[in-house]
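Derivation of every value follows stated rules applied to the coordinates shown; laboratory data play no part. Keep in mind the model is a prediction, meaning the values are calculated, not measured. FYI the Cβ positions are ideal-geometry reconstructions off the backbone, even for glycines, and counts take in every protein chain you see.
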C-alpha cells in the first residue's frame, strides 16, 4: 500500500535531515500519495489530498491567525503532513501558534534540523509511491485471475468464500438479507467465536454504501446481488479499529470481487435448472396465483406435451420430512435435486404431469390421467417409485432426509379446478408432515387420512380455533412461561398415554407421586377434573390445535 508518514521519515534521505515530530505524532500512519514542495501560504488550493508538503517556511504568515488558517486549510484539503526545514526562516523552533494549530488538527508537523535537498526527498518518496501502485496493480491482477478462474470453473460459494478468506487472512461470512449465515470460512479461528449470536451482531453493522467498513466492529461489508436484486452480504470479520486516515480498506477490491463471483454463481445455478422445470414451475405458480388464465395454462401445457383439457387432473404435493436442518444453500440444492427426482419418477411411471418447486420446501405435481387410467394404481406406482429413487439417492448421502411425504388432492375434471386439487394437496401435505413415517399401509395421504389433526391444520388460521386454544390452555401456558415449567408437556403425556397415570409417569421419567403432583397442579390451574372424559377430550383437542397453530 502507499507509504505512510512514518515510513517516509524512516528513509535514509530523510534521516540525514534529523527529522523531529513536533505535533501530530499520533497520526503518522497517514498515507503519502505524493510530495509537494511549496513556499506559498495559500498552497492548499493547489493540492488534492495525501501530499506531504515540504517548505522552509520563508513565506509563512507572521501572525497567529494566519498560521492557524494555513494549518486549517492544509488539514481540510487532506494533506498527509507538513515538513519545515530550519535555516531560512526558523532556526531552532517553530512559532507556538503553528505547533498548537497542528496539534489541535492532528496534522503531523515535522522539522528538519539539517538542510536537505528537497529533490532527493521527492525522488525517494515518489519511488515508494510508484512501487506501491505497481504492487497494487499486481495484487489486483492476481485477485482478478483467481476469481475469473473460479467463475469459469463454476466454483460453488464455499470455494469462493474460502479463497477470499485465504487471500485476506481473516474469517469471511456470507449471509442472506435476514442476517442468517449461508456459508462461512473461519480462517483457522474457532467457529463458535465467529458465529455465536451472529444475527444480533450483524444487524448492528450497517456501513454506508454497497461496500463499507465499520470501525466499531472492524467488519468490512459488501452487498451481494445482480440484476438489481440484492440477496445477501459478504462480510470480512476483523478486529475493531479505524482505518488509517484518508485510506480505503486494503481488502475492498478483494471482497467486492468475491461478491461478484457469488452473484454470478447464483445466476448460473439458477440457470442450471432445466428450461422444462422452469416452465413447469411457472405454470404451477400461474395456476395457484391466478397469474395465468385457464386458456393460457392449457395452451402452454399442451405446448409442453402435457395435455390438460379433457383429462382428470390430480394435484400432488411432495415434502421432505425434516431431518437435521441443513445450511440455506444446501437446502436449495436439495430442493432442486428433489424436484428432478420427482420428475424422474413421473417419467419412470410413464405419466404425464407438470412438475416444479412450489416453495422453499415442497414440490408440486399436477398429474393428468386419461379416461382408461386407474387413479389409485397410477398414484401408488408414482409414490412407490419416488420412495425407491429417494432411498437409492440417500445411500450416497449420509445426511439424506427420511422418506418424503406424498399428499394427494381430490381429482378434478377441468383446468379451471386444478387450483383446488393443488391447494387441497398442499393442506394435506402440511398436516401429514407430522405423522410418524412408516406408520401407514397406504403409500400416499389424502384428506381423510389426516383425520382430526388434518382438520385442525386446515383451521389453524381461524380466530375461533385460536380463541378455543387460549380458553382451554391459556392459564397453563402462561404458568409455564412464567415459571419455566413443563406442565403442558405433562398434560400432553398423560393424554397421549390414554389417561393411564402409571404409563404416563413412566413416559415422563418421573416417579408416580411426582407425576401425580404435577397433574394436580394442572387441574388447579385450569380448573378442570382430569378424571372426566369430556374435559380430557377438550384438552386433547386443544393441544392438537395448539400444535397446528404453532406450525
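Brief remarks on what is shown
- Whole-number percent relative contact order across the stretch 5-127, with pairs defined as alpha carbons under 8 Å at least 6 apart: 36 percent
- Exposure proxy ranking, count of Cβ atoms within 10 Å, fewest first, for 361, 482, 76: 482, 76, 361
- Distance between modelled label sites at residue 340 and residue 500, nm, 7 Å Cα→Cβ extension: 4.9 nm
- Cβ-to-Cβ counts within 10 Å put 516, 70 in ascending order as 516, 70, the fewest first.
- The stretch 28-118 shape via C-alpha gyration tensor axes, a/c threshold 1.5: rounded
- Using C-alpha pairs below 8 Å separated by at least 6 residues, the relative contact order for the stretch 155-271 is 26 percent.
- Degrees separating the helix 118-152 axis from the principal Cα axis of the chain, which is the longest one: 20 degrees
- A crude spin-label estimate for the pair residue 134 and residue 511, with each label 7 Å from Cα along the Cβ direction, gives 8.5 nm.
- Compared with the dominant Cα axis of the chain, that is its longest principal axis, helix 64-77 is turned about 40°.
- Whole-angstrom gap from the stretch 1-64 to the stretch 110-179, using each part's C-alpha centre: 25 Å
- Cα gyration tensor shape of the chain, rounded if a/c is under 1.5, else prolate or oblate by comparing a/b with b/c: prolate
- Principal axes of the stretch 155-271: Cα extent on each, largest first, Å: 42, 32, 26
- With contacts taken as Cα pairs under 8 Å at a separation of at least 6 residues, the chain carries a relative contact order of 9 percent.
- Neighbour-count ranking [beta-carbon atoms within 10 angstrom, fewest first] of 36, 290, 251: 290, 36, 251
- Förster radius 41 Å - calculated FRET efficiency between residue 195 and residue 16, Cβ distance, rounded to 0.05: 0.20
- Once the Cα atoms are used to define both axes, helix 512-526 deviates from the longest principal axis of the chain by about 90 degrees.
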